[in-house]
Amino acid sequence: PQLDCSRRARYPVLGASWQPRAGIAHHDAVARGFARAASRLGVDLIENCEVTGLDVQGGRVLGVQTSQGYVKAARVGCVAAGHSSVLARMAGLRLPVE
């Protein structure tokens with residue numbers, strides 16, 4: 001949207017930087033791009049499926065317990081955004097992310 005730097009602005013601009021050649025990234029499009037690339041590399045993506053536990057043996061994750069059943073996996077990626085630390089804790093790891 002246009003920047004309104006006037007005194008009548010509902011939310012006045014208190015500080016800013018302007019880069020006229022800069023672009024924007026729509027986060028949904030970025031996520032879909034990553035998902036398509038991962039899928040092409042053989043990654044199975046399961047949406048709307050809660051992870052309820054991890055099968056950890058000998059320091060390795062061997063599978064994932066989900067709301068839709070157990071998924072055996074040779075590798076598991078943790079890409080749950082705000083819940084990454086919750087999933088990492090299931091594997092016995094502590095992430096410095098809150």
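The values are calculated or read from the model by the stated rules, or taken from the named source; none is laboratory data. Keep in mind that what you see is a predicted model, and the values were worked out from it rather than measured. Here the Cβ is made from the backbone with ideal geometry for all residues, glycine too, and neighbour counts use every protein chain on show. Quick note on the areas: whole protein, heavy atoms, side chains included, nothing else; ligands and nucleic acids left out. Shrake-Rupley method; radii C 1.70, N 1.55, O 1.52, S 1.80 Å.
The table that follows gives values for the structure above.
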{"quantity": "Checklist (1) outside any loop (DSSP other than H, G, I, E, B); (2) under 27 Å from Val30 (Cα atoms); (3) open to solvent by 90 Å² or more (accessible area, probe 1.4 Å); (4) in contact (Cβ under 8 Å) with a residue 12 or more places away in the chain applied to His83, failing item", "calculated": "(4)"}
{"quantity": "Among (1) modelled with pLDDT of 85 or more; (2) open to solvent by 60 Å² or more (accessible area, probe 1.4 Å) - the single one Val71 does not satisfy", "calculated": "(2)"}
{"quantity": "Residue selected from region 37-64 under the condition of a type in the set (S, T, N, Q) and not in a strand (DSSP E or B), by the criterion surrounded by the fewest Cβ atoms within 10 Å (Cβ to Cβ)", "calculated": "Asn48"}
{"quantity": "One residue from Val79, Val30, Val13 being at pLDDT 80 or above and out of contact with any helix residue (DSSP H, G or I) (no Cβ under 7 Å at 6 or more places or on another chain)", "calculated": "Val30"}
{"quantity": "Scope region 17-36; condition farther than 24 Å from Ala91 by Cα and open to solvent by less than 100 Å² (accessible area, probe 1.4 Å); matching residues", "calculated": "Gln19, Pro20, Ala22, Gly23, Ala25, Asp28, Ala29, Val30, Ala31, Gly33"}
